[in-house]
Amino acid sequence: MNSKTRLLPSLAALLALPLSALAAPVATTFTYQGRLDYNGAPATGNFDLKFELYTEQTGGTLAVPALQTSRVVSGGLISEDLNFGGATVFDGRALWLEISARAVGAPTFFVMPGRTAVRPTPYAIHALQAGSVKDGGVTNISLAAGAVTSAKLATGAVGLAQLNVGAPTQLNSVLAYNGSGLRWLLPQDVGQWGPSFANDGIVYSGKVGIGTNTTSHALTIASTAPSWTSNGWIGAMALPNASAIAWVNNSAGQRFGIGHTNGGFAMFRTASDPATTGSAATTDFFVSDTGDVGIGSITPQARLDIAGQNALRVAGFQPTMTLTDTNSNTSTRIQAVGGEINFFPGSYVSGNTATYVKINNSGNVSMTSCTIRGGADLAEPFAMSHQGVEPGTVVIIDAANPGKLKASTCAYDKKVAGIVSGANGIKPGISMIQEDMLEAGENVALSGRVFVKADTSAGRIEPGDLLTTSSTAGRAMKAADHGQAQGAIIGKAMTPLQEGDGMVLVLVTLQ
């Protein structure tokens, strides 16, 4: 700081308010005057001046951005018009003015010691707002009792927005006070509740409450004013939406509903309230708007959809369920007798038990005939003694691992056991295993049709040729030497293979 530079401010800041201000908007500029000394004498020359308003006499923060100007000073006297803004700055709080100066071209401003308190004259700028009060400027504390009367309010000055009330939903509605706020009511309803209106009910925006003045439904009857009594059942009625009614037993937490937020007709007897929460309890009973019935489900996927572990129980002597095809007028019956389940076909008549399917209590199934449509061979799962045995591989008995099979490795092997099922998408029709006694693994076709990996090492293969094991691992070939082939036959070829390697359809007949 250059100690040879100092500013002697005047003790008064003059507000520039000409008489013409009465006819035109008043400016927010006031004039500051002072004297600047430089090198012990009144300053003369070009100087930069900076004016800053602070909220404290020392320290504090700037109230507004600083004002800076360049001025030719003569005889040390300065006079500067300052405009920091209007009433948002001079709003009644105390402010201090800090001035800095430097000779033009000097690198640094020098702050003059001691801030100058802003005296009351600039605060008169606040009076500019007397003609337009800012929002929230006048509170109930600022008004004396009875200061504002209807005669002092312009027509339309107070509307629904000022009263924080929505528009009425019905013609001829009137505003009424219910103890906590204003509500729209029809004229015939205004006086019916008397002094206890706040506890007795409400009509608001088309919603009706009986026994309550807070309702989110079209009609709510509070539990303090029960709407229905029958055999000790006492509850309340609510309308969760335009087509729903629910009776609520508050003490037991039970519900009975007609209508549902998912649509349709629903009845509930649960500890929760799906009609309002949208969630389902396991004991819900629901009828959709398409006529589907859900028990334990509010989204039935069939005419009757029962959800739960113990989903259906039919009790009685030899209980029977009849399924009738109304198009052909035939019926299929399912009957439980002595722990067994019997299925009677569409030709069933009373007393005729000649043809049916039976499942006894040991899991055994008996029937007149059976058609398998999902596969083409009879297979048995065998454990393999090595990895990588693919469908279509010829396998043999592994003498080193009793009970297990492995891929064949030599021609005319009498230990041949079959072909791994599943090649080319032909799956087993029946797979047999006694799980508690035998180790399971890959399905090996013992009979039927499967595809086998084959080669023409013994000549090309034609339909009807007997096939045996090849010297190529896991492959089949034509049984050209019938003497060697005894006991090593896999089956008969049903498709040809002209040369090389390929898949051949085989009718498995182990010999």
Hits in segment 67-108 - residues which are among the hydrophobic types (A, V, I, L, M, F, W, C) and within 26 Å of Ala41 (Cα to Cα): Leu67, Val72, Val73, Leu77, Ile78, Leu82, Leu97, Ile99, Ala101, Ala103, Val104, Ala106
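Would you check if there is a residue in segment 442-450 being in contact with a helix residue (DSSP H, G or I) (Cβ under 9 Å, 6 or more places away or on another chain), assigned to a strand (DSSP E or B) and either closer than 17 Å to Glu380 by Cβ or of a type in the set (Gly, Ala, Ser) (or both)?
Keep residues of segment 442-450 that are in contact with a helix residue (DSSP H, G or I) (Cβ under 9 Å, 6 or more places away or on another chain), which gives 450.
Remaining after also requiring assigned to a strand (DSSP E or B): 450.
In the following step, the residues that additionally are either closer than 17 Å to Glu380 by Cβ or of a type in the set (Gly, Ala, Ser) (or both) were identified as 450.
Scanning segment 442-450 turns up at least one residue that is in contact with a helix residue (DSSP H, G or I) (Cβ under 9 Å, 6 or more places away or on another chain), assigned to a strand (DSSP E or B) and either closer than 17 Å to Glu380 by Cβ or of a type in the set (Gly, Ala, Ser) (or both).
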Residue in segment 407-419 that is under 23 Å from Ile489 (Cα atoms), open to solvent by 60 Å² or more (accessible area, probe 1.4 Å), basic (Lys, Arg) and outside any loop (DSSP other than H, G, I, E, B) present: no
Cβ pairs under 9 Å, 6+ apart, first in segment 300-311 and part of a strand (DSSP E or B), second open to solvent by less than 40 Å² (accessible area, probe 1.4 Å) and among the aliphatic types (A, V, I, L, M): Leu304/Val293; Asp305/Val293; Ile306/Val293
Neighbours by Cβ (under 9 Å, 6+ apart or cross-chain): first from segment 408-426, on the phi > 0 side of the Ramachandran plot; second in a loop (DSSP other than H, G, I, E, B) and of a type in the set (Gly, Ala, Ser): Tyr412/Ala479; Tyr412/Gly487; Tyr412/Ala488; Gly422/Gly392; Asn424/Gly392
Flag if Ala103 is among the hydrophobic types (A, V, I, L, M, F, W, C) and in contact with a His (Cβ under 7 Å, 6 or more places away or on another chain): no
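Would you confirm whether any residue within segment 268-275 is modelled with pLDDT under 75, farther than 22 Å from Tyr356 by Cβ and open to solvent by 50 Å² or more (accessible area, probe 1.4 Å)?
If we filter segment 268-275 for residues that are modelled with pLDDT under 75, which is where we start, we get 268-275.
Checking which are farther than 22 Å from Tyr356 by Cβ leaves us with 268-275.
Applying the additional criterion that residues be open to solvent by 50 Å² or more (accessible area, probe 1.4 Å) yields 269, 271.
Looking for residues that are modelled with pLDDT under 75, farther than 22 Å from Tyr356 by Cβ and open to solvent by 50 Å² or more (accessible area, probe 1.4 Å), one finds at least one in segment 268-275, hence yes.
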Residue match in segment 45-60 (condition: open to solvent by less than 50 Å² (accessible area, probe 1.4 Å), free of Cβ contacts under 8 Å to residues at least 60 places away in the same chain, farther than 18 Å from Gly114 by Cα and in a loop (DSSP other than H, G, I, E, B)): no
Complete set of residues in segment 80-108 that are at pLDDT 85 or above, out of contact with any Lys or Arg (no Cβ under 9 Å at 6 or more places or on another chain) and within 15 Å of Phe30 (Cα to Cα): Asp81, Leu82, Asn83, Phe84, Leu95
Scan of segment 93-102 for residues that are assigned to a strand (DSSP E or B), open to solvent by less than 30 Å² (accessible area, probe 1.4 Å) and either over 12 Å from Gln57 (Cα atoms) or not acidic (Asp, Glu) (or both), ordered by number: Leu97, Ile99, Ser100, Ala101
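Mind listing just one residue for me: the one in segment 443-493 that is of a type in the set (Asp, Glu) and either out of contact with any Ser or Thr (no Cβ under 7 Å at 6 or more places or on another chain) or within 14 Å of Ala407 (Cα to Cα) (or both) and, of those, modelled with the lowest pLDDT? So that I can check it myself, show each step before the final result.
Of the residues in segment 443-493, the ones of a type in the set (Asp, Glu) are 455, 462, 465, 481.
Cutting the leftovers down to either out of contact with any Ser or Thr (no Cβ under 7 Å at 6 or more places or on another chain) or within 14 Å of Ala407 (Cα to Cα) (or both) gives us 462, 465, 481.
On the way: Glu462: 96, Asp465: 95, Asp481: 91.
If we take residues in segment 443-493 being of a type in the set (Asp, Glu) and either out of contact with any Ser or Thr (no Cβ under 7 Å at 6 or more places or on another chain) or within 14 Å of Ala407 (Cα to Cα) (or both), then Asp481 is modelled with the lowest pLDDT.
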Qualifying residue in segment 503-511 (condition: on the phi > 0 side of the Ramachandran plot and touching a residue at least 40 places away in the same chain (Cβ under 8 Å)): no
Val89 in contact with a Phe, Trp or Tyr (Cβ under 9 Å, 6 or more places away or on another chain) and of a type in the set (A, V, I, L, M): no
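The values are calculated or read from the model by the stated rules, or taken from the named source; none is laboratory data. All figures in this text were calculated on a predicted structure; none of them were measured in a lab. We place every Cβ from the backbone using ideal geometry, glycine too, and count neighbours over all the protein chains shown. These accessible areas exclude ligands, DNA and RNA; they are computed on the full protein's heavy atoms, side chains included. Shrake-Rupley method; radii C 1.70, N 1.55, O 1.52, S 1.80 Å.
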